[in-house]
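For reference, the structure is listed below as structure tokens.
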Amino acid sequence: MTHLLTLIVVLPLAGAVLNGLFATRLAAAPFGRTFVTVVGCGLPIVSFALAVRGFLEIAATGGPLVEVAYTWAQIGERSFEIGFYLDRLSAVMALIVTGVGSVIHIYSIGYMHDDKSYARFFAYLNLFLFFMLSLVLGRSLLVLFVGWEGVGLASYLLIGFWFDDPANAAAGKKAFITNRIGDAGFLLGMFLLYWAFGTLDMDKINAAFTSGPAPVVSASLAGILLFIGASGKSAQIPLHVWLPDAMAGPTPVSALIHAATMVTAGVYLVARMSGLYLQAPEASMVVAVIGAATAFFAATIAVAQSDIKKVLAYSTVSQLGFMFVALGVGAYGVGIFHVYTHAFFKACLFLGAGSVIHALAGEQDIRKMGGLAKKIPVTFWTFAIATAAIAGIPPLAGFWSKDEILWNAFASSAGGSPVLWAVMAATALMTAFYMFRLLWLVFLTPSRMEPKVEHHVHESPLSMTGVLMILAALSAVGGLVALPHFLEPLLPLAKTPETLHHYEVPLLIFSVAIALAGLAGAWFVYGGGTERSARLAARFAALHRLLYNKYFVDEAYERCIGRPLVWLSDRVFLNLGDRVLLDGSLNGLARLAQRTAGVLSRVQTGNLHLYALFVLAGGIAVLAWSFRHG
Amino acid sequence: MDKVQFLLLVAVALFAVGLAGVIIRRNLLVMLMCMELMMNGVNLSLVTFAQQTGTAAGAVLVFLIFVVAAAEIAIAIPIVLLLVRRKHTLEADAFGDLKG
């Protein structure tokens, strides 16, 4: 097949166009809903099948597939092409995106069943897949950037999907604007690389860094600029504030975009540019430190949240931090491995949360849940498996990738250190704790539901529970794939000094112990109901308030950035610049014209004879003048 | 005083009488007539100069001007008629509505 990659990318776009253009008409048509479902879910599944085919092809031949779909611009010698590139890394990402994307589409059939904008939802989801696939498969940074912006747009549209509520619209805006800040860094990084190499093709840039003469550009500078972009998209400190608010969107969106795929774009970008980051120890250190800080702080916040989706959102931020730590210490394959396992269990958790919310008719507060294990058993079991997976209990998926990250954080010769390991281990402990806390509060403690809600709790339809079971199965066994070794030809493993190898087994045992300790801690605090946790919260009231309010980061941003900006815009730009300077000068000109006209209009007396006299005077003046000048 | 000078003097006199009429008289119809006088003064000078230089074109041009003037007055008179219908007066001062 000659246009395999183009097809993979374009098929979801076709779905978006079909459903998007005819959304309102389809809602009225008799088979409209079926049509939307078939197109909206069918095309991503075909895309997935094609991605599998491409994957098999490169697994057999080993070489990358390159496809140029279209030459965008030809400027002198240089051409900007929309080209797609499938190697092992992008194949893995494409499989995650289309695979997890497809099952979440199927889940949405049940979840969004009663929504009046059913077609619009599928159009947006397909649009997201299109942009995400061009991000993942794009050969040059330019195509990647188009996809990057496009997924931002799709994310904005979907966060504000229920835009009747101003809070949702505001959350969408916040996500978009926060991402813009990161994008500015990304763009600068792109300019810098283009200036240095004259190309934006990532394989060529990587090759230029790893072999050949020393490039004229500082790898660390370019690396840090690109990482600013990555930290915006992947919600790292200080640009993490948008992701928890993004949970305002429908739950399948939270699962697909804000957990499994889009937010890992930053991780993908850094892994894709690994050739650059290998030459940039300072940038790598920044990546590792930011990742570790984000992982730690987000985990502490997650411990105190009470909204089921907010807990999962902060857990996502924290897990993304884990991935960046792996990238920062040079274990790129391991970072992607965590992207892969995280996609399964986090999608499962979010969709499970969606199933819970669906069952409780929209309730998201875990303080008003409890005792759901018996009532919605499928959701409970799948949620429990995914929880154990993210907590790192062997042999579930999360254990393998997280243990690899911890090991590399400890032992990598490219920035690993015991301190980094200790921070990450503490984070892993908290991860296990807050995830099991969630499990207990939602499913196992005695019910705290309002009787009206409790009365009609029901298990979700098969299209939802089936997806949960698939994802739970993948969360269970997905870690058995040795992904870092599969990616090794492309992303070399981090070097670890021989002297540290005898720590490997003790560390492995320790990380299992951490996961179990988190489980035990959650059981101890929440096993007997909510009294003990309430006592704890009362004893550490100040700390609890700090964590519950997310370290007041939003408030601090509002005070340090938001208000000064508003003041500056209002006083300087609006009042001084716009009103006084611009409006003032224009109004002044208008007034001048008006006054001159006022003076001159006196000549227009309306007296015909006077005009004739003027004509006479003019004629005489002309005659006199022409006589004098002969 | 030869013939040419005499004719030119008559032309200037016609023009001056017409101009004075336009400036002094208030009646629209009289003003129009005075304008005709001015134009005929100019016409006369044109014919005179044409005679002096011996070209036939000048004489032909005068006929053209007569035709155009007839057409022009055929438009001007109805306009005056409409104005009079509106204000019931021929006084030019009555029509100063557009003054600044």
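Name every residue in the range A:82-122 that is closer than 29 Å to A:THR61 by Cα and free of Cβ contacts under 8 Å to residues at least 24 places away in the same chain, in order of residue number.
none
Residues are listed down the side, and each one gets a yes or a no for (1) loosely packed, with under 10 Cβ neighbours inside 10 Å; (2) within 14 Å of another protein chain (Cβ to nearest Cβ):
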| residue | (1), (2) |
| --- | --- |
| A:ALA538 | yes, no |
| A:GLU555 | no, no |
| A:LEU568 | no, no |
| A:LEU576 | no, no |
| A:LEU592 | no, no |
| A:ALA597 | no, yes |
| A:GLN604 | no, yes |
| A:ASN607 | no, yes |
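In the range A:177-186, what count of residues is obtained for those that are touching a Phe, Trp or Tyr at 6+ places or on another chain (Cβ under 9 Å) and more than 12 Å from A:ALA235 (Cα to Cα)?
Adding up the residues that qualify gives 4.
Could you please give the count of residues in the range A:313-355 that are more than 25 Å from A:LEU239 (Cβ to Cβ) and either small (Gly, Ala, Ser) or surrounded by fewer than 24 Cβ atoms within 10 Å (Cβ to Cβ) (or both)?
Residues flagged as more than 25 Å from A:LEU239 (Cβ to Cβ) and either small (Gly, Ala, Ser) or surrounded by fewer than 24 Cβ atoms within 10 Å (Cβ to Cβ) (or both) within the range A:313-355 amount to 4.
Looking at (1) more than 14 Å from chain B (Cβ to nearest Cβ); (2) part of a helix (DSSP H, G or I); (3) free of Cβ contacts under 8 Å to residues at least 24 places away in the same chain, which one does A:GLY518 not meet, given that it meets all the others?
(3)
Of the residues in the range A:612-628, how many are of a type in the set (Phe, Trp, Tyr) and either surrounded by 10 or more Cβ atoms within 10 Å (Cβ to Cβ) or within 11 Å of chain B (Cβ to nearest Cβ) (or both)?
Count: 1.
Please go through the range A:379-429 and give me each residue that is of a type in the set (Val, Ile, Thr) and assigned to a loop (DSSP other than H, G, I, E, B), ordered by number.
Within the range A:379-429, A:ILE393 is the sole residue that qualifies.
Which pairs do you get when a residue that is touching a residue at least 40 places away in the same chain (Cβ under 8 Å), found in the range A:480-494, comes within reach of a residue that is polar (S, T, N, Q) and buried (at least 17 other Cβ atoms within 10 Å of the Cβ), reach meaning Cβ atoms under 6 angstrom, with the pair 6+ apart or on two chains?
Pairs that qualify, where the first residue is touching a residue at least 40 places away in the same chain (Cβ under 8 Å) and the partner is polar (S, T, N, Q) and buried (at least 17 other Cβ atoms within 10 Å of the Cβ), are A:LEU491/A:SER274; A:ALA494/A:ASN408; A:ALA494/A:SER412.
Please state which one of A:PRO497, A:PRO489 is within 29 Å of A:LEU89 (Cβ to Cβ), at pLDDT below 85, loosely packed, with under 15 Cβ neighbours inside 10 Å and over 31 Å from the mean Cα position of the chain (by Cα).
A:PRO497
Within the range A:175-188, can one find any residue that is in contact (Cβ under 8 Å) with a residue 24 or more places away in the chain, closer than 22 Å to A:MET93 by Cβ and among the polar types (S, T, N, Q)?
yes
Mind counting the residues in the range B:65-100 that are in a helix (DSSP H, G or I), within 14 Å of chain A (Cβ to nearest Cβ) and either among the charged types (D, E, K, R) or under 14 Å from the mean Cα position of the chain (by Cα) (or both)?
3
Does the range A:310-325 contain any residue that is among the charged types (D, E, K, R) and modelled with pLDDT under 90?
No, there is no match, as no residue in the range A:310-325 is among the charged types (D, E, K, R) and modelled with pLDDT under 90.
So, of the residues in the range A:409-433 that are among the hydroxyl-bearing types (Ser, Thr, Tyr) and buried (at least 24 other Cβ atoms within 10 Å of the Cβ), which turns out to be nearest to A:VAL303 (Cα to Cα)?
Result: A:THR431.
Of all residues in the range B:1-24, count the ones that are surrounded by fewer than 16 Cβ atoms within 10 Å (Cβ to Cβ), under 14 Å from the mean Cα position of the chain (by Cα) and not small (Gly, Ala, Ser).
2
Take A:LEU581 and tell me if it is surrounded by 11 or more Cβ atoms within 10 Å (Cβ to Cβ) and of a type in the set (A, V, I, L, M).
So A:LEU581 passes the test.
Residue by residue through the range A:464-489, note down the ones that are among the hydrophobic types (A, V, I, L, M, F, W, C) and under 11 Å from A:ILE385 (Cβ atoms).
A:LEU468, A:MET469, A:LEU471, A:ALA472, A:ALA473, A:LEU474, A:ALA476, A:VAL477
Here's a check for you: in the range B:41-64, which residue that is aliphatic (A, V, I, L, M) and closer than 23 Å to B:GLY21 by Cβ is nearest to the other protein chains (Cβ to nearest Cβ)?
B:VAL42
Please count how many residues of the range A:299-347 are closer than 30 Å to A:ALA361 by Cβ and not acidic (Asp, Glu).
Residues in the range A:299-347 being closer than 30 Å to A:ALA361 by Cβ and not acidic (Asp, Glu): 24 in total.
Suppose we keep only residues that are hydroxyl-bearing (Ser, Thr, Tyr) and surrounded by fewer than 24 Cβ atoms within 10 Å (Cβ to Cβ) within the range A:212-269. Which one would you say is modelled with the lowest pLDDT?
Ranking the qualifying residues of the range A:212-269, first place goes to A:SER218.
Which numbered condition trips up A:PHE163, out of (1) closer than 21 Å to A:ALA260 by Cα; (2) of a type outside the set (S, T, N, Q); (3) not in a helix (DSSP H, G or I)?
Going through (1) closer than 21 Å to A:ALA260 by Cα; (2) of a type outside the set (S, T, N, Q); (3) not in a helix (DSSP H, G or I) one by one, A:PHE163 breaks only (1).
Output the residues belonging to the range A:15-48 that are small (Gly, Ala, Ser) and either over 28 Å from A:ARG139 (Cα atoms) or in contact (Cβ under 8 Å) with a residue 40 or more places away in the chain (or both).
Matches in the range A:15-48: A:GLY15, A:ALA16, A:GLY20, A:ALA23, A:ALA27, A:ALA28, A:ALA29, A:GLY32, A:GLY40, A:SER47.
Looking at B:ALA11, B:ALA16, can you tell me which residue is part of a helix (DSSP H, G or I), among the small types (Gly, Ala, Ser), within 14 Å of chain A (Cβ to nearest Cβ) and on the phi < 0 side of the Ramachandran plot?
Result: B:ALA16 is the single residue among B:ALA11, B:ALA16 that is part of a helix (DSSP H, G or I), among the small types (Gly, Ala, Ser), within 14 Å of chain A (Cβ to nearest Cβ) and on the phi < 0 side of the Ramachandran plot.
For a quick check of your reading: which helices (runs of 4 or more DSSP H) sit entirely within the range A:197-286 and have at least 1 residues that are small (Gly, Ala, Ser), farther than 20 Å from A:TYR340 by Cα and in contact with a helix residue (DSSP H, G or I) (Cβ under 6 Å, 6 or more places away or on another chain)?
Because the criterion is at least 1 residues that are small (Gly, Ala, Ser), farther than 20 Å from A:TYR340 by Cα and in contact with a helix residue (DSSP H, G or I) (Cβ under 6 Å, 6 or more places away or on another chain), the helices (runs of 4 or more DSSP H) in the range A:197-286 that meet it are A:202-210, A:219-233, A:274-278.
The values are calculated or read from the model by the stated rules, or taken from the named source; none is laboratory data. Bear in mind that the values here come from a model prediction, so they are computed numbers and not experimental data. Glycine gets a Cβ as well: all are built from the backbone with ideal geometry, and neighbour counts include every protein chain shown.
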